[in-house]
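Take a look at this one; I'll ask things after.
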Amino acid sequence: MCIFVIIIVYKLFIMRTNIVIDDFLMEEALKLSDLKTKKSVIEKALKLLIRLEKQDSIKKLRGKLKWEGDLNKMRSE
């Protein structure tokens with residue numbers, strides 16, 4: 001297993017974390033993504049997770065919001 005330190009920089013906030021990651025998963029992610037570092041793989045995975053969770057929260061609003069307007073009129077303007 002691979003143990004390393006992740007440094008995440010987001011708007012002047014830095015978090016250092018030690019984690020244990022399955023070697024096979026990391027190697028496969030590095031090969032498939034053509035990313036060069038483990039840090040870049042983790043950052044890409046976190047960004048993807050965040051994006052998917054945000055999409056999921058938006059999907060839960062389906063059918064719950066009321067919209068009024070004329071779509072055809074808006075398209076012609």
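Coordinate-derived values only; no laboratory data. Everything numeric here is computed off the predicted structure, so don't read it as measured data. Note that each Cβ is placed from the backbone with ideal geometry, even for glycine, and that neighbours are counted across all protein chains shown.
I'd like the FRET efficiency for THR17 and ARG62, computed as 1/(1 + (r/R0)^6) with the beta carbon distance as r and R0 of 22 Å, rounded to 0.05. Write out the running numbers ahead of the final one.
On the way: r = 35 Å, r/R0 = 1.59.
Given R0 = 22 Å and the Cβ-Cβ separation, E is 0.05.
So, one more: Pop a pseudo-label 7 angstrom from the Cα along the beta-carbon direction at both LEU25 and LYS47 and give the gap in nm to one decimal.
2.0 nm
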